[in-house]
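K.L.:
Supplied in structure tokens, the structure appears directly below.
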Amino acid sequence: MDLALHEKKIPIIKIHDFLIVSIQVDMHDKLAIQLQAQILEEIEKTGAKGVLIDISVLEMVDSFIGRMLSGMASMASIMDAAVVIVGMQPAVAITLVELGLEMPGVDTALNMEKGIEMLQERLDSEFI
């Protein structure tokens, strides 16, 4: 049993209609795959309409992690949940662009407060 993997499970907190995911450890491939599954399970279980992913701790990403973030957003969208990624450091943004990774369906915001506002606006516009 790999205890290190279990110790690094990323918590997902539900607040109102949103899931808050704050990544506080360096991402590696197995953890990214585990997080993707966790987020999708929580969307199904809670009926969340939005997911805010805080990546402010990540100093760099590779193409796999970039694709996983994009994939999470696509899968969440299929499950009727919007995704906002917040806290992206300049080096991460540069890397994603240099790798040519487009992230369709992913909104970004500078911080959690702005991200929650974006999710709330999106949710409010669905009921107009």
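The values are calculated or read from the model by the stated rules, or taken from the named source; none is laboratory data. What you see is a predicted model; the values in this text were computed from it and never measured. All Cβ positions, glycine included, derive from the backbone under ideal geometry; neighbour counts span all protein chains shown. Keep in mind that these areas ignore ligands, DNA and RNA; they rest on the heavy atoms of the full protein, side chains included. Shrake-Rupley method; radii C 1.70, N 1.55, O 1.52, S 1.80 Å.
K.L.:
Residue by residue through region 101-125, note down the ones that are of a type in the set (Val, Ile, Thr) and part of a helix (DSSP H, G or I).
P.N.:
Answer for region 101-125, where residues must be of a type in the set (Val, Ile, Thr) and part of a helix (DSSP H, G or I): just Ile116.
K.L.:
Another question, then. I need the full set of residues from region 82-102 which are farther than 18 Å from Val21 by Cα and either under 13 Å from the mean Cα position of the chain (by Cα) or touching a residue at least 60 places away in the same chain (Cβ under 8 Å) (or both), in order please.
P.N.:
Answer for region 82-102, where residues must be farther than 18 Å from Val21 by Cα and either under 13 Å from the mean Cα position of the chain (by Cα) or touching a residue at least 60 places away in the same chain (Cβ under 8 Å) (or both): there is none.
K.L.:
Something else now. State whether the residues of region 55-69 include one that is among the hydrophobic types (A, V, I, L, M, F, W, C), modelled with pLDDT of 90 or more and within 22 Å of Glu121 (Cα to Cα).
P.N.:
Yes, region 55-69 contains at least one residue that is among the hydrophobic types (A, V, I, L, M, F, W, C), modelled with pLDDT of 90 or more and within 22 Å of Glu121 (Cα to Cα).
K.L.:
Looking at region 101-128 only, could you name the residues that are open to solvent by less than 50 Å² (accessible area, probe 1.4 Å), at pLDDT 90 or above and more than 20 Å from Leu58 (Cα to Cα)?
P.N.:
If the condition is that a residue be open to solvent by less than 50 Å² (accessible area, probe 1.4 Å), at pLDDT 90 or above and more than 20 Å from Leu58 (Cα to Cα), then Leu119 is the only one that fits.
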